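**Q** What follows is a single structure, and I will ask about it in a moment.
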Amino acid sequence: MKIIRKKLSVQGVVQGVGFRPFIYNLAKDHNLTGFVLNTSVGVVIEVEGIANSINDFIKDISEKKPPLAVITKIAHDQMENKGSKEFVITKSDESAEISTLISSDIALCEDCRNELFDPNDRRYLYPFINCTNCGPRYTIIDNIPYDRPFTSMKEFEMCPECQAEYDDPSNRRFHAQPNACPVCGPQIHLYDSNKNIVDTNNIIDTTQKLLKDGNILAIKGLGGFHLAVDATNEKAVKRLRKLKGRDEKPFALMVGNIQNAEQYCTITNDEKIILTSAIAPILLLKKLDDINIAKSVAPGNDYLGIMLPYTPLHHIILEGLDIPLVMTSANLSEEPICIDNTEAFERLNGIADHYLVHNRDIYLRSDDSVGIFLSGKFRYIRRSRGIAPRPVFVKSKGPTVLAVGGELKNTVCLLKDDKAILSQHIGDLENLEAYNFFKMTIDHLQTIFDAKPDIIIHDMHPQYFSTQWASEQSIETIPVQHHHAHLAACMAENNLTEPTIGIIMDGTGYGTDATIWGGEILIGDYNNFDRFAHLERMQLPGGDAAIKSPWRTAISYLHKTFQKDIPELPFMENKDIGPIIEMLIKDINSPLTSSCGRLFDAIAAMSGGRQTIHYEAQAAIEFMQVFNNIVARPFSYVIDQLGDNREVLLQPIIRSVVRSIQNGESLSKISNRFHATLVNIFIELAQDARKETGIKNIALSGGVFQNMVLFEHTVLGLEKANFKVYTHSQVPTNDGGISLGQAMIGRNRFN
Ligand code: ZN
Ligand code: ZN
Ligand code: FE
């Protein structure tokens, strides 16, 4: 049998994820000698042994890799034998570790969970148990290399037992930086609303009792504080809404396990895998009828956002607590989540009845990730805790780029080599706290990824805070059109490089003609784009005021269609439409928009759906929920040729909708017909674009594609028409994903 030696270099997310102990054990299993080492270009392994064993070893690396490792490439070369006698983990020099990637925060693993509930384990019910396969990462790091002194665990010196685990290459806790136990690690404390320590000999029992009694608890988690309350207690949930200043936007729930979740929602196998994954996101699931959940948890919504416990503390609280909990980010509406104990006491004063805190600091806040399973894939609505800062690997190399995203649902993206590192969800930058968080996150990402951008990319909108921040920096900046960024983001995560047709249906984005875009068919790549088609432009009376009151938008669309002869419709009752029409006629603060989001608002409101909204897209969401059948007669529409561009005339649609309303058609039927109409329009325009350009690849992006009905039927329709359809599954289709597209376009233009 021939003995050979090979050198392997492994790239991807391979640090802080238990990769070296895994390689160590795998090499031993295959009777190989040699070493494993972290370097600046990834993990380097040399193995010596029987040729077949080495082949099996290489195969096993990909197949059996630790759950959190992401391998993008394994290169291997044969080399001269060295006659090594054992396999060792070689200590890497610290500077070498700098450019390996920082892992995301990870939900409690199965092994740790078993230990947590094992009365004979030394970490029995210890709320900070973790190992190399699970625990906090990104949120506790403030510098590199990723090593305990650069994390918030530096306050805690490991006891001899923990240290022995940490030093033992065969141990699950080998180099687990947050390793801790009840003797040496962080502890929890319970405070009342006056910041007095609650006198109890069992904090968890007391916490559970307080929750059962309907109290609001601020609970410190992984990426920030949650406010928790009994989700079956209508009075308690209502009180939380009132105190938090959150009217109707759905609250997420945390339930003990899958069986509990199944009492409230239908859950497929794929959805179970997501719920129990290391990311442990809030997953939107179809609500069952007649469930024992307070009405005000998700008023008027067919879906519930459900997550499972992901920190050991959550597990301990939920274990034996037979109620589901509302778990919502601890903040006032629109502010970023609280992370610091003192900050929590201040900002949550008057909201929380009790505070369950701990003394492991959170350096970087990170909200829960949110997603939904659609067309066979998990899709992010918010990409944050559990996944950030895992890179999206792209087909591009070049200068380092910082893209600062949009205004709402902001994320930033640091593009370094072939890795697009998106930040966690930052939020709405018009909020001062969120803006500070935005600046801090930019600093933090540059530090922990050791990257200095050569260029900064921002949205074309001159008033966005992100744009203003970019203009204050001393390096070159490039503006990118909002919907071009949406298209490029979808192309990038699907590794497309050729020109692509983009169906970009969105709320708001600043156009190259200084009007508001949002219903766009673009054809483009990372350099440039053509606006192939767009929805007819309509006035938005009062701008943002119209976004909050869809009925105003409805009046505008009707006014444009019928001018003086606006028909009386039931939705107009008790509304003062005169001043709106005057605004439109005199063109006072009534910007033009081709937004698809606004079209949804207008149709929903005029058909008798929601008139004013309490959270973003509420009118469209409710209008979608009354949909029940795509086989519906579409409304008539006209696509007008305008030179090289096309315009989808909306007036014919408005006329047919009005006829339906006058004929007494139900909201449901109008919803069916409207969704069918849009799908037909998209397919027709895509076919036109294909005819003109020969392009078959289509990318779908923009916030409107969070509409599950529209998304799934558009995908089906386009596939049936023989298009190759590309969609988002690594970054959100909403503005949380545009920083990726900005970065790709920016790098291309800078080159
Ligand atoms: Zn673990
Ligand atoms: Zn210890
Ligand atoms: Fe957008």
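Just so you know, all these numbers are worked out from the coordinates, no wet-lab data involved. Please read these numbers as outputs of a predicted model, since none were measured by experiment. Virtual Cβ from ideal backbone geometry, glycine too; neighbours counted across all protein chains shown.
**Q** Based on DSSP H runs of at least 4 residues, each adding -39500 (n - 2.57), what is the mean residue ellipticity at 222 nm of the chain after dividing by all its residues, to the nearest 500 deg cm²/dmol? Don't skip to the end; give the middle numbers.
**A** Values: 23 runs with 238 residues, N = 751.
Mean residue ellipticity at 222 nm (helix-derived): -9500 deg cm²/dmol.
**Q** Before anything else, pin down the relative contact order of the chain: Cα pairs under 8 Å, at least 6 apart, normalised by residue count, whole percent.
**A** Working: 1705 pairs, mean separation 84.7, N = 751.
Here the relative contact order equals 11 percent.
**Q** By the scheme Lys and Arg +1, Asp and Glu -1, what is the net charge of all other residues having a beta-carbon under 12 Å from that of Leu364? Before the final figure, lay out each step's value.
**A** Working: positive: Arg137, Arg365, Arg385; negative: Asp105, Asp142, Asp340, Asp361, Asp367, Asp443.
Its environment carries a net charge of -3.
**Q** Can you tell me which lysines have their Cα less than 27 Å from the Cα of Lys7? Leave out same-chain residues fewer than eight positions away.
**A** Lys28, Lys59, Lys64, Lys65, Lys73, Lys82, Lys85, Lys91, Lys395, Lys397, Lys416, Lys419
**Q** How large is the charge dipole for the range 188-358, taken about the Cα centre, if only the Cβ atoms of Lys, Arg (+1) and Asp, Glu (-1) carry charge, to the nearest 20 debye?
**A** Numbers: 17 positive and 22 negative charges, 61 e Å.
For this selection, approximately 300 debye.
**Q** Something else about it: ³J(HN,Hα) across the range 432-443 via Karplus (A = 6.51, B = -1.76, C = 1.60, θ = phi - 60°), whole Hz, x for Gly/Pro?
**A** Each residue of the range 432-443 in turn: 4, 4, 5, 5, 5, 5, 4, 5, 5, 5, 4, 4 Hz.
**Q** Lysine pairs in the range 533-726 with alpha-carbon atoms under 26 Å apart, 8 or more places apart or on different chains: how many are there?
**A** 17
**Q** Residues with beta-carbon under 14 Å from that of Ile4, excluding Ile4: net charge, scoring Lys, Arg +1 and Asp, Glu -1? Working shown, then result.
**A** Working: positive: Lys2, Arg5, Lys6, Lys7, Lys82; negative: Glu46, Glu48, Asp56, Asp77, Glu80.
Taking every Cβ under 14 Å from that of Ile4, the sum is 0.
**Q** Given charges of +1 on the Cβ of Lys and Arg and -1 on the Cβ of Asp and Glu, with all other atoms neutral, how large is the dipole of the range 391-476 about its Cα centre, in debye to the nearest 20?
**A** Numbers: 7 positive and 12 negative charges, 71 e Å.
The calculation lands at about 340 debye.
**Q** Summing +1 for each Lys or Arg and -1 for each Asp or Glu, what net charge is found among the other residues whose Cβ lies under 12 Å from the Cβ of Asp29? Walk me through the numbers before you get to the answer.
**A** On the way: positive: Lys28, Lys64; negative: Asp56, Asp60.
That works out to 0.
**Q** Enumerate the whole-percent occupancy of each 10 Å bin, from 0 to the last occupied one, for all C-alpha pair distances of the range 3-99.
**A** Whole-percent P(r) values from 0 Å outward: 17, 55, 26, 2.
**Q** Please give the contour-minus-distance gain from Thr206 to Asp29: 0.36 nm per residue of separation, less the Cα-Cα distance, rounded to one decimal in nm. Mind showing how you got there, number by number?
**A** On the way: separation 177, 0.36 × 177 = 63.72 nm, distance 4.74 nm.
That pair, Thr206 and Asp29, stretches by 59.0 nm at full extension.
**Q** Let me know the charge dipole size of the chain about its Cα centre in debye, to the nearest 20, where only the beta-carbon of Lys, Arg (+1) and Asp, Glu (-1) is charged.
**A** Working: 76 positive and 91 negative charges, 238 e Å.
Around 1140 debye, computed over the chain.
**Q** Can I ask one more? Please turn the phi angles of the range 149-166 into ³J(HN,Hα) values with the Karplus equation 6.51 cos²θ - 1.76 cosθ + 1.60 (θ = phi - 60°), one per residue in order, whole Hz, x for glycine and proline.
**A** Here the 3J(HN,Hα) series is x, 9, 10, 6, 7, 4, 5, 10, 8, 5, 6, x, 5, 5, 4, 5, 4, 4 Hz.
**Q** Next question. Could you calculate, for the chain, the ratio of the Cα radius of gyration to the Kirkwood radius, expressed as Rg to Rh?
**A** On the way: Rg = 27.3 Å, Rh = 27.5 Å.
My calculation puts Rg/Rh at 0.99.
**Q** While we're looking at this one, here's another question. Check which residues have an amide H placed less than 5 Å from Gly509's amide H, if you skip close sequence neighbours.
**A** Hits under the 5 Å cutoff: Trp517.
**Q** Grab the Cα-Cα distance for Leu642 and Asp77, subtract it from 0.36 nm times how many residues apart they are, and report the gain in nm with one decimal.
**A** Values: separation 565, 0.36 × 565 = 203.40 nm, distance 5.88 nm.
Once the chain is fully extended between Leu642 and Asp77, it gains 197.5 nm.
**Q** So what is the relative contact order of the range 533-726, in percent, for Cα pairs below 8 Å that sit 6 or more residues apart? Write down the numbers at each step before the final one.
**A** On the way: 276 pairs, mean separation 42.3, N = 194.
Rounded, it is 22 percent for the range 533-726.
**Q** Right, here's the next one. Please name whichever of Ile381, Gly221, Ser729 sits farthest to the positive end of the charge dipole of the chain, dipole taken about the Cα centre and charges placed at Cβ: Lys and Arg +1, Asp and Glu -1.
**A** Of the listed residues, the answer is Ser729.
**Q** Something else: Of the beta bridges DSSP finds with both residues in the chain, what % are antiparallel, to the nearest 5?
**A** Details: 84 of 114 bridges.
Rounded to the nearest five, the antiparallel share is 75 percent.
**Q** Continuing with the same structure: Let me know the longest stretch in the chain that avoids all GluC sites (Glu not before Pro) found in a DSSP loop with at most 16 other C-beta atoms within 10 Å.
**A** Values: sites that count: Glu80, Glu86, Glu157, Glu248, Glu319, Glu334, Glu430, Glu472, Glu476, Glu568, Glu573, Glu665.
Between exposed loop sites, the widest span is 335-429.
**Q** Of Leu642, Ser423, Val631, which is farthest along the charge dipole of the chain in the positive direction, counting Lys and Arg as +1 and Asp and Glu as -1 at C-beta?
**A** In the chain, that residue is Val631.
**Q** Using amide H atoms built 1.01 Å from N in the peptide plane, name the residues 5+ places from Arg379, or on other chains, whose amide H lies under 5 Å from its own.
**A** Ile372, Phe373, Leu374
**Q** Apply the Karplus parameterisation 6.51 cos²θ - 1.76 cosθ + 1.60, with θ equal to phi minus 60°, to every residue of the range 314-330 and state each ³J(HN,Hα) to the nearest whole Hz, in sequence, with x for glycine and proline.
**A** 4, 4, 5, 5, 6, 5, x, 8, 8, 10, x, 10, 6, 10, 10, 3, 7
**Q** Does anyone have the angle between helix 234-244 and the longest principal axis of the chain? Alpha-carbon axes, 0 to 90°, nearest 10?
**A** Around 90 degrees separate the two axes.
**Q** Among Ala676, Gln706, Gly578, flag the residue with its Cα farthest along the positive direction of the charge dipole of the chain, charges on Cβ as +1 for Lys/Arg and -1 for Asp/Glu.
**A** In the chain, that residue is Ala676.
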